[in-house]
Amino acid sequence: MAAVLGLDTSNYTTSAAWFDGSRGDNVGKLLEVPQGSLGLRQSEALFQHVKRLPEILAALKKTGLPCDLSALGASTRPREVEGSYMPCFLAGQSQAQGMATVLGLPFYPCSHQQGHIAAAAWSAGRMDLLDRPHLVWHLSGGTTELLYVVPDGVSVRAECIGGTSDISAGQLIDRTGKRLGLAFPAGKAVDELSLQAQKRSSFKVKVNQSTFSFSGIENKMNALAEAGEAPAEICWYVLAAIIGAVETATQQALARYPDLPVLCAGGVASNQLLRQRMIQRCGTVFAEPRFSTDNAMGVAILTWRALEKEQP
């Protein structure tokens with residue numbers, strides 16, 4: 001079967017990917033966020049995506065994008081739930097729909113979260129997870145959710161069974177980065193700094209039925225910064241709290257859903273310390289780091305699966 005094209009214009013990354021059933025590639029680029037800022041207004045994000053898409057598609061073509069496309073797809077909303085909406089996804093949706101109309105090809109929508117799950121499963125060599133129940137951590141800049149995931153046609157349906165009750169892990173990391181004068185998004189820098197910590201103090205976050213809060217850790221992070229604590233120690237403190245909460249919440253969920261595989265998706269899932277702990281303690285499956293962050297690979301995979309189902 002010929003290849004398909006998928007687009008994803010998330011809150012901070014413009015990306016495009018192709019997939020032919022076994023092989024594929026993704027090209028993405030972060031949006032430009034002013035120094036000292038914690039994000040972009042949706043209008044600015046949408047504007048940047050519209051400007052970036054031609055550049056991203058040109059770069060994807062150089063990776064070997066086949067000319068004989070059979071379908072196009074795009075993420076059209078953050079999650080597959082009623083009322084889920086974010087204007088930035090209109091850039092990828094309108095581009096893919098327009099191309100599909102002109103070329104006379106089918107268009108298949110999906111959610112950003114469904115794309116994350118599909119990309120992570122494919123990258124980890126566990127495409128079988130898309131056809132069986134499993135648990136998924138969606139850990140990103142705006143989301144910290146533990147999901148019970150079941151097959152839903154060619155895609156998946158996710159029910160939130162745990163996670164944060166206030167700010168996300170990604171928000172906590174980025175706020176830590178801003179406090180320490182690091183560039184946004186701060187995940188990579190916080191990760192690297194934490195490995196230089198010597199004291200490595202930590203705090204155990206209270207977890208109840210796989211749900212927890214990070215606002216207290218943010219307050220403690222600010223207090224440590226005001227007291228002149230070393231940046232490396234602050235980064236370790238924050239990451240240790242996040243990792244401990246995720247591990248405990250996972251163990252509580254596995255007590256309710258025994259023997260289910262656990263998959264980690266989203267940008268925060270690329271953290272080195274998190275990967276080590278979750279693989280050792282919970283047998284968690286991770287995507288490659290490049291497919292943990294926002295990307296269109298999962299969108300292309302789900303587009304291909306939808307097209308395959310409709311083939312005679």
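The values are calculated or read from the model by the stated rules, or taken from the named source; none is laboratory data. Fair warning: this is a prediction, and the values are worked out from it, not measured in the lab. For neighbour counting, all protein chains shown are included, and Cβ atoms are generated from backbone atoms with ideal geometry for every residue, glycine included. These area figures cover heavy atoms from the full protein model, side chains too; ligands, DNA and RNA do not enter into them. Shrake-Rupley method; radii C 1.70, N 1.55, O 1.52, S 1.80 Å.
Helix 112-123 and the longest principal axis of the C-alpha atoms of the chain enclose an angle of approximately 90°.
With the full set of protein chains in place, find how many percent of the accessible area of the chain is carbon and sulfur; take the probe as 1.4 Å. Walk me through the numbers on the way to the answer.
Values: 6910 of 13550 Å².
Summing carbon and sulfur atoms, their accessible area is 51 percent of the total for the chain.
Among Ala241, Gln209, Gly163, which residue has its Cα furthest toward the positive end of the charge dipole of the range 159-252, with +1 on Lys/Arg Cβ and -1 on Asp/Glu Cβ? Going by the Cα projections, it comes out as Ala241. At q = 0.13, 0.16 Å⁻¹, what log₁₀ I(q)/I(0) does a Debye calculation on the Cα points of the chain give, no solvent, two decimals? Treating every Cα as an identical point scatterer, log10 I(q)/I(0) equals -0.90, -1.29. Using only side-chain charges placed at the Cβ, +1 for Lys and Arg and -1 for Asp and Glu, the dipole size of the range 62-190 relative to its Cα centre rounds to 500 debye. Restriction of the trypsin sites (Lys or Arg not before Pro) in the range 174-261 to DSSP coil positions whose beta-carbon has at most 14 other beta-carbons within 10 angstrom yields Lys199, Arg200, Lys204, Lys206.
Note on the range 237-312 and the range 118-196: Cα centroid distance 7 Å, given to the nearest whole angstrom. DSSP bridge analysis restricted to the range 66-208 gives an antiparallel fraction near 75%, rounded to the nearest 5. Where a ≥ b ≥ c are the square roots of the eigenvalues of the C-alpha gyration tensor, would you call the range 1-155 rounded, which needs a/c under 1.5, or, failing that, prolate if a/b is larger than b/c, or oblate? Taking the square roots of the gyration eigenvalues as a ≥ b ≥ c, the range 1-155 is oblate. When the trypsin sites (Lys or Arg not before Pro) in the range 1-107 are filtered for DSSP coil states and for at most 12 other beta-carbon atoms within 10 Å of their beta-carbon, the remaining sites are Arg23, Arg41, Lys62.
Give me the dipole magnitude in Debye, nearest 20, for the chain about the Cα centre, with unit charges on the beta carbon: positive for Lys and Arg, negative for Asp and Glu.
Details: 28 positive and 28 negative charges, 99 e Å.
So the magnitude is around 480 debye.
Short-range pairs are left out: with C-alpha atoms under 8 Å and at least six residues apart, the relative contact order of the chain is 24 percent.
Add -39500 (n - 2.57) for each DSSP H run of 4 or more in the chain, then divide by its residues: what number comes out at 222 nm, to the nearest 500 deg cm²/dmol? Intermediate values should be presented prior to the final figure.
Working: 9 runs with 129 residues, N = 312.
That comes out to -13500 deg cm²/dmol.
The loop-placed GluC sites (Glu not before Pro) in the range 43-142, going by DSSP, that have at most 11 neighbouring Cβ atoms within 10 Å of their Cβ come out as Glu82. Counting only protein heavy atoms and a 1.4 Å probe, the range 193-249 has 48 square angstrom of accessible area per residue. For the range 41-140, the solvent-accessible area with a 1.4 angstrom probe is 45 square angstrom per residue.
Using the beta-carbon distance between Ala58 and Lys206 and R0 = 35 Å, what value does 1/(1 + (r/R0)^6) give for FRET efficiency, to the nearest 0.05? Before the final figure, lay out each step's value.
Working: r = 50 Å, r/R0 = 1.42.
The pair Ala58/Lys206 has a calculated efficiency of 0.10.
Can you give me the angle between helix 215-226 and the longest principal axis of the chain, using Cα atoms only, in degrees from 0 to 90, rounded to the nearest 10? The two axes meet at around 60 degrees.
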